[in-house]
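The values are calculated or read from the model by the stated rules, or taken from the named source; none is laboratory data. None of these values were measured; they are calculated from a predicted model. As a convention, Cβ positions derive from the backbone with ideal geometry for all residues, glycine included, and neighbour counts pool all protein chains shown.
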Amino acid sequence: MSGMNVPATIDQIFILFTNWVASFFPPAYRPLIGVLLGVIGIISVFPGLFALTVLFERKGLGRIQNRYGPNRVGPYGLFQPVADGVKALIKEDIVPFSADAVVHFLAPIVFLTAVFMGYAVLPVGRNMELVNMDAGLLFFFAMSATSELSVFMAGWSSRNKFSLLGAMRAVAQMISYEVPLLLSAVVVVMIAGSLSLPEIVAAQAGYTGVWPHWYVFTPWGFASFIIFGIAATAETNRSPFDLPEGESEIVAGYFTEYSGFKFAIFFIAEYLAMISISGISTTLFLGGWAAPFSFLTIVPSWFWFFAKVMMFLFVFIWVRATLPRLRQDQLMNFAWKFVLPFTLLNLMVTALWRFMGAGWERWVVSTAILVAAYILMGRTGLLSKHIGPRSYRYAE
Amino acid sequence: MLGEGIIKGLLETARNFAGSYVSKERLTTVQYPEEREPLPEASRVFPFLVYDGSDWLAGMRCVACQICEKECPPKCIYIEKSADKKPDAVGKPQAYPTRFDIDISVCMSCQICVEVCPFEAIKMDNKFELATDDRFGGLLLDRKKLAKPNEYYHQIHPTEAAEVDARLAAERAAVEAKAKAAAEATAAKAAAAKAAAEKVASEKTATEKASSEKNTPSAGGGA
């Protein structure tokens, strides 16, 4: 250890710990032990982060609505997630009489499994990914798309009109927004030249002066970052795209007929999906675990990853507190008439950027195209909606 | 421009978020069991019985007239009248309740009992933390539990209590004046009677004297 410097040791502390534990086993078992420890890390850290997120969401929403959030259980309500967990565990597990019991049971498990699988390829720090897959990004999106299957399983097997309506909405929404989600991620793959997430992070790792080379600081990167954020919100059924579980319309959507811990599993899986999509969006656009300034590289890489993810989660909560739920037709129009064309245009702009070569011209050209397209599309979209001061037929 | 409204909305919520940490005006929550706002004077929950002085039984204003029992819409009051009498708030000898029960699980806080009471004996309380795990006994308040001093009444409804006190003082004064007048009248009458009696007596003695003077010889003579 004496040869290593302290920041690097702290940065790699989890890797060193894993190697140290594995060193007690025969060499043939060491990779397995390493993977097992990584899995344990993932299934303990991210649900912990989920618990914190739920608490912060409730407190943050409270503050935004000018009230305290939960503050009764423990200091500042910090043990609220524990109380909620105990409550979920001791509640009765009800399966409707006419439900398809097997599928009804499998749906939350499939959901949670699919979400956890996505974490396998997420680089949460330098050298800290469970599997360094060449097609990691593809694998991640394949896994996040599997959650649609479980949503439909839940909705169909419950034999309940609200569940089925929720599942239908969810599938329609998730498939519509899967397209811009993937296409805005493809942009990053075009520039980084790799589907491997550690390599995408490595491609953004440099600094100009103190400023990082993150993709969000390029015109096309910024545009696809915003699109990715919108699509990710829709993909994780978060407000304002929470139609599949809009409680004021269809009770709880596809998990109406779930109670007790199965409901809790859905809840956990939804939040874990939100955290994982925040992680992937951090990886794609915000340089993953890279420090925001070159002089901050002494801070451990995993800290930066989680700080960025928390920032994302805060934005999710903030948006939830601000925007009302969309209508189904608005949701679809927005996806197919605005987001998708803009994403395709962005794809072209990125290609242009890629082939224009280094220099200031490509900045000007791509920015001009994107801004002009945004203003034009926005204006035509708004004009066709006849948005303006509202006139009332009966009221004064 | 597209997205302008969203930015405005986000700024508004951000202002609320930050403002709730610095401005007491935004965060108006009163954290109830620890913090309480003073109740408005007119707040009312269930009735209680007022007593004067320190002894709740001796000072109880209720005279068991049973008007409230009869007027109570949900019939939650039960009164038993005493056979003996004690002086009431204004000093007249009156009966008192040997039993006065209010079932607050039935009471609907209408205040009609207070409106009809001619003796200012029943008033509205503002004590609202009455939850109990004893569903029947815990919600049936007897006269001991209902009795509260006049000072307490002053504390919860100061304006109203002052009016009531003034009214009672006036009545008490009237009763006293009447009693005094009656006493004076009796005294005058007594004095007159006494004077008359004296007069009669003196006349009588005079006559007796005279007659004795007259009669003695005759008596002697008669003997």
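Summary table
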| read-out | value |
| --- | --- |
| Check on A:ARG390, modelled with pLDDT under 90, under 30 Å from A:ARG58 (Cα atoms) and either more than 13 Å from chain B (Cβ to nearest Cβ) or touching a Cys at 6+ places or on another chain (Cβ under 9 Å) (or both) | no |
| Considering residues of region A:25-52 that are β-branched (Val, Ile, Thr) and out of contact with any Phe, Trp or Tyr (no Cβ under 6 Å at 6 or more places or on another chain) only, the residue nearest to A:TYR76 (Cα to Cα) | A:VAL45 |
| Some residue of region A:344-362 being surrounded by fewer than 18 Cβ atoms within 10 Å (Cβ to Cβ), part of a helix (DSSP H, G or I) and among the aromatic types (Phe, Trp, Tyr) | yes |
| Filter result for the condition that a residue is modelled with pLDDT of 90 or more and farther than 30 Å from A:GLN12 by Cβ, over A:VAL151, A:VAL110, A:VAL171 | A:VAL110 |
| Selection status of B:SER23, touching a residue at least 12 places away in the same chain (Cβ under 8 Å), more than 7 Å from chain A (Cβ to nearest Cβ) and of a type in the set (Ser, Thr, Tyr) | no |
| Region B:1-15, subset surrounded by 12 or more Cβ atoms within 10 Å (Cβ to Cβ) and of a type in the set (Val, Ile, Thr), residue nearest to A:ARG67 (Cα to Cα) | B:THR13 |
| Restricting region A:26-68 to residues that are modelled with pLDDT of 85 or more and not in a helix (DSSP H, G or I), the residue that is farthest from the other protein chains (Cβ to nearest Cβ) | A:GLN65 |
| From the options B:ALA42, B:ALA18, residue that is loosely packed, with under 15 Cβ neighbours inside 10 Å and within 22 Å of the chain's Cα centre (by Cα) | B:ALA42 |
| A:ILE200 touching a helix residue (DSSP H, G or I) at 6+ places or on another chain (Cβ under 6 Å) and either assigned by TED's automatic domain parsing to the domain that holds A:ALA290 or of a type in the set (Lys, Arg) (or both) | yes |
| Among (1) over 30 Å from A:SER384 (Cβ atoms); (2) in a helix (DSSP H, G or I), the one test that A:VAL299 misses | (2) |
| Test: B:CYS62 is within 28 Å of B:ARG99 (Cβ to Cβ), more than 14 Å from chain A (Cβ to nearest Cβ) and in a helix (DSSP H, G or I) | no |
| Qualifying residue in region A:371-384 (condition: crowded, with 17+ Cβ neighbours inside 10 Å, of a type outside the set (A, V, I, L, M, F, W, C) and within 12 Å of chain B (Cβ to nearest Cβ)) | yes |
| B:TYR78 vs. criteria surrounded by 12 or more Cβ atoms within 10 Å (Cβ to Cβ), over 11 Å from B:LEU49 (Cβ atoms) and in contact with a Phe, Trp or Tyr (Cβ under 9 Å, 6 or more places away or on another chain) | yes |
| Segments classed as helices (runs of 4 or more DSSP H), wholly inside region A:129-242, with at least 1 members that are in contact with a Gly (Cβ under 8 Å, 6 or more places away or on another chain) and over 19 Å from A:TYR254 (Cβ atoms) | A:136-157, A:161-192, A:197-203 |
| Residues satisfying the stated conditions in region A:286-343, i.e. within 18 Å of the chain's Cα centre (by Cα), basic (Lys, Arg) and within 14 Å of another protein chain (Cβ to nearest Cβ) | A:ARG320 |
| Test: residue in region A:310-323 that is assigned to a helix (DSSP H, G or I), touching a residue at least 12 places away in the same chain (Cβ under 8 Å) and among the small types (Gly, Ala, Ser) | yes |
| Unique residue being touching a strand residue (DSSP E or B) at 6+ places or on another chain (Cβ under 9 Å), small (Gly, Ala, Ser), within 30 Å of A:ARG67 (Cα to Cα) and in contact (Cβ under 8 Å) with a residue 24 or more places away in the chain when the list is B:SER54, B:SER43 | B:SER43 |
| Scan of region B:5-20 for residues that are facing chain A (nearest Cβ under 9 Å) and more than 13 Å from A:LEU323 (Cα to Cα), ordered by number | B:ASN16, B:PHE17, B:ALA18, B:GLY19, B:SER20 |
| Residue match in region A:292-306 (condition: small (Gly, Ala, Ser) and within 30 Å of A:GLY206 (Cα to Cα)) | yes |
| Test: A:VAL210 is at pLDDT 90 or above and out of contact with any His (no Cβ under 7 Å at 6 or more places or on another chain) | no |
| Sole exception among (1) surrounded by 18 or more Cβ atoms within 10 Å (Cβ to Cβ); (2) within 14 Å of another protein chain (Cβ to nearest Cβ); (3) not acidic (Asp, Glu) for A:ALA99, by number | (2) |
| Residue list for region B:112-152, restricted to those being small (Gly, Ala, Ser) and within 19 Å of B:GLU71 (Cα to Cα) | B:ALA121 |
| Residue list for region B:131-151, filter: surrounded by fewer than 15 Cβ atoms within 10 Å (Cβ to Cβ) and among the hydrophobic types (A, V, I, L, M, F, W, C) | B:ALA131, B:PHE136 |
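Listed here are the residues, each with its yes/no results for (1) under 30 Å from A:ARG159 (Cβ atoms); (2) surrounded by 24 or more Cβ atoms within 10 Å (Cβ to Cβ).
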| position | (1), (2) |
| --- | --- |
| A:GLU247 | yes, no |
| A:PHE263 | yes, no |
| A:PHE266 | yes, no |
| A:GLY288 | no, yes |
| A:ALA291 | no, no |
| A:LYS308 | no, no |
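For (1) more than 14 Å from chain A (Cβ to nearest Cβ); (2) under 30 Å from A:ARG379 (Cβ atoms); (3) in a helix (DSSP H, G or I); (4) among the charged types (D, E, K, R), each residue gets a yes or a no:
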position	(1), (2), (3), (4)
B:LEU27	no, no, no, no
B:GLU37	yes, no, no, yes
B:PRO40	yes, no, no, no
B:VAL50	yes, no, no, no
B:TRP56	yes, no, no, no
